[in-house]
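In what follows, a single structure is set out as structure tokens and then discussed.
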Amino acid sequence: MNIIPKPNKISLLSGKTPYGADTVVTGAFPMAQATAKELLAGKKGCGASTLTFREQPELNAEGYTLVAEGSDVVVGASTEQGAYYALMTLEQLAVEGGIPSCRIEDAPEFSYRGFMLDSARHFWSIETLKRYVNVLSRLKMNVMHLHLTDDQGWRVEIKKYPLLTQKGSIRRNTQISLKGYNRGKEAHDDQVYGEGCYYTQAELKELVAYAKERFVDIVPEINMPGHMVAAIACYPELSCTGEATEVSTRWGVMDNICCCGKEDVYRFARDVIDELCEIFPFPYFHIGGDEVPKTAWKRCPACQDAIRKLGLKDENALQGYFNGQIAAYLKTKGKIMMGWNEILDGAEHLDPDAVVQWWIGRRGNRQEKEWLRNGGKTVLSYSDYVYMDHPYHIRPLAKTYSFGLKAMGIAAGQKVLGAEIPQWTEYIPNEKKLDMLTAARLAAFSEVTWTEDDNKDYADFEQRLEALRGYLKEIGCNVCMQELYRGKIKPRFAIGAQLKWALWHRDVHYEWNRVKDLL
């Protein structure tokens with residue numbers, strides 16, 4: 001039974017049930033019926049049969065039952081979304097002549113099953129985003145997180161601040177190597193990047209509507225108060241010094257951050273939130289909050305004055321205060337703040353309803369574990385398992401598949417909403433490389449977040465992945481070769497157990513150059 005993600009209960013019956021253009025669709029859930037008719041119209045006729053949708057209110061909102069026996073396929077669900085996921089299972093089961101007769105009871109382990117795509121470092125068209133939305137929905141994943149801004153580019157239209165896309169989307173060149181980075185001598189290309197590379201508000205509304213039809217929600221991320229050089233290049237008054245700067249051409253963490261001692265910064269953040277909340281209806285709004293060096297704040301009179309007047313203990317508390325102000329404003333918009341796990345610095349100011357996205361290990365992650373123990377909501381994205389931009393020989397598919405509560409040492413019952421797999425694109429300039437590093441991992445991660453631990457088996461998953469390779473390609477999920485995702489294509493020189501950034505970058509390019517002509 002080649003299904004990804006693997007259903008939690010499945011029994012194979014004898015025989016085959018006709019499922020094709022001759023199948024009559026009836027019952028509940030009009031949206032699912034319409035989708036079923038559209039999908040069935042593209043299949044060959046294979047004999048008379050009936051697909052019936054039935055309401056089963058007791059089922060999980062995303063769960064479903066499916067019985068295919070004789071000439072009948074019966075789907076039970078409590079919502080349109082559950083009925084849709086049953087159809088996605090049928091799509092994978094369907095072969096010429098019908099589907100294997102079977103009984104399935106299925107529901108996800110986690111309610112939040114996400115994929116993050118960085119559009120700031122390299123830009124991806126709306127058509128590419130739609131392709132990935134379609135892949136997510138076919139794999140029963142339900143969140144796309146868009147990383148829309150960073151030091152190297154601002155990618156979303158904000159009408160009140162037109163310079164953000166007129167100027168902030170463009171950098172004069174792009175870093176292409178880490179060699180010599182610490183000495184400021186890393187290599188760059190000689191091409192201006194980013195002209196016209198941003199999303200209009202109309203385009204994003206179109207994307208949101210497209211995703212909604214496929215039960216995928218879009219989470220926008222505006223990274224603040226760090227990773228804001230592209231915005232500061234347009235509006236220097238947002239920084240501590242007010243000095244002119246340019247959109248960054250270097251990757252990494254920049255000291256030039258927003259000045260949280262200035263009211264202008266809070267006003268800017270509220271204005272951006274106002275416009276984006278009109279586009280993205282999903283209740284979560286991501287503010288980043290990661291990698292915020294406080295060097296500028298320590299010598300900034302405005303920041304130091306704010307720390308004194310607000311009675312804050314230090315610069316970390318100032319970021320906590322900023323986060324608290326933004327979270328409170330988001331609540332007036334009906335939104336819940338999300339942020340990377342560094343937002344737990346200054347946690348005394350953190351909204352208890354905020355969602356912490358746990359990506360990095362630090363100091364034993366005492367704050368993260370305490371947040372969970374106290375009932376704080378968390379999404380897991382631990383980089384050692386799920387960062388997609390790492391080469392496969394360092395992060396093979398089997399390791400990504402092993403991710404979950406046990407891998408993180410988290411007890412069942414804590415408020416883990418789910419997990420998200422991020423794709424950072426500093427060194428991913430084209431779709432072929434994006435697919436190479438993303439597609440297989442998305443398929444694996446769909447099972448990580450949907451299937452219960454007791455039902456997971458990597459060897460079995462890999463067999464199903466290979467069996468479904470043709471189907472996945474048809475839906476736009478271009479899985480790389482098996483030798484690559486197993487981590488068998490290695491650099492010429494051993495690098496030891498530790499991941500070092502310069503070697504990681506070299507290894508990504510090594511993998512790419514070995515296989516790019518074969519993809």
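Derivation of every value follows stated rules applied to the coordinates shown; laboratory data play no part. All figures in this text were calculated on a predicted structure; none of them were measured in a lab. All Cβ positions, even for glycine, are placed from backbone atoms using ideal geometry, and neighbour counts span all protein chains on display.
Remarks
- Share of pairwise Cα separations in the range 272-356, more than 22 Å, in percent: 29
- Put a dot 7 Å past the Cα of residue 328, heading toward its Cβ, do the same for residue 61, and the two dots end up 2.9 nm apart.
- Virtual paramagnetic centre 7 Å along Cα→Cβ of residue 160, amide N under 14 Å, in the range 248-271: 263-271
- Remark on residue 421: its backbone amide H falls under 5 Å from those of 114, 115, 116, a criterion applied only to residues 5 or more positions apart or on other chains, H modelled at 1.01 Å from N.
- Seen against the Cα atoms of the chain and their longest principal axis, helix 201-213 is set at about 30 degrees.
- Scoring 20-29, 314-323 by mean Cβ neighbours within 10 Å over their residues and listing the highest first yields 314-323, 20-29.
- In degrees, nearest ten, helix 126-138 long axis to first principal axis of the chain (Cα): 50
- Residue pairs exceeding 23 angstrom between C-alpha atoms, taken from 130/432; 262/377; 262/309: 262/377.
- The range 158-235: translational diffusion in µm²/s, Stokes-Einstein, Kirkwood Rh over Cα pairs, 20 °C, 1.002 mPa s: 141
- Mean separation of Cα pairs under 8 Å and 6 or more residues apart, divided by the residue count, gives the chain a relative contact order of 14 percent.
- Cysteines without a disulfide-compatible partner [the chain; Cβ-Cβ under 4.7 Å]: 46, 102, 197, 234, 258, 260, 277, 477, 480
- Magnitude of the charge dipole, the range 300-341, Cβ model with Lys/Arg +1 and Asp/Glu -1, debye to 20: 240
- Per residue, the convex hull spanned by the Cα atoms of the range 89-230 measures out at 182 cubic angstrom.
- Over 45 Å [Cα-Cα, the chain], rounded percent: 15
- Principal-axis tilt of helix 30-41 within the chain, Cα atoms, nearest 10 degrees: 70
- If you plug the beta carbon distance of residue 363 and residue 384 into 1/(1 + (r/R0)^6) with R0 = 22 Å, you get a FRET efficiency near 0.90.
- Computed over neighbours whose Cβ is under 9 Å from that of residue 66, the net charge equals -1, Lys and Arg +1, Asp and Glu -1.
- For the range 369-465, the Kirkwood radius over C-alpha pairs fed into Stokes-Einstein at 10 °C and 1.306 mPa s yields D = 111 µm² per second.
- Percent of C-alpha pairs per 10 Å bin in the range 224-305, short distances first: 18, 48, 28, 6.
- Prolate/oblate/rounded label for the range 414-471 (Cα gyration tensor, a/c 1.5): oblate
- Kirkwood Rh in Å, taken over all unlike Cα pairs in the range 176-320: 17.5
- For q = 0.16, 0.17, 0.19 Å⁻¹, Debye-computed log10 I/I(0) when each Cα of the range 42-149 counts as one equal scatterer: -0.80, -0.86, -0.97
- Potential lengthening of the chain between residue 24 and residue 190 amounts to 53.9 nm, from the contour at 0.36 nm per residue minus the alpha-carbon distance.
- Per-peptide average of other Cβ atoms within 10 Å, ordering 69-80, 282-293 highest first: 282-293, 69-80
- Average silhouette area of the range 385-430, convex hull of alpha-carbon atoms, in square nanometres: 4.1
- Taking 37 °C and 0.692 mPa s as conditions, the range 303-352 diffuses translationally at an estimated 295 µm²/s according to Stokes-Einstein applied to its Kirkwood radius (Cα pairs).
- Ratio of the Cα radius of gyration of the range 313-405 to 2.2 N^0.38 Å, where N counts its residues: 1.23
- Put simply, the amide H of residue 154, placed in the peptide plane, has neighbours under 5 Å in 169, 170, leaving out anything fewer than 5 places away on its chain.
- Å³ per residue enclosed by the Cα convex hull of the range 1-73: 113
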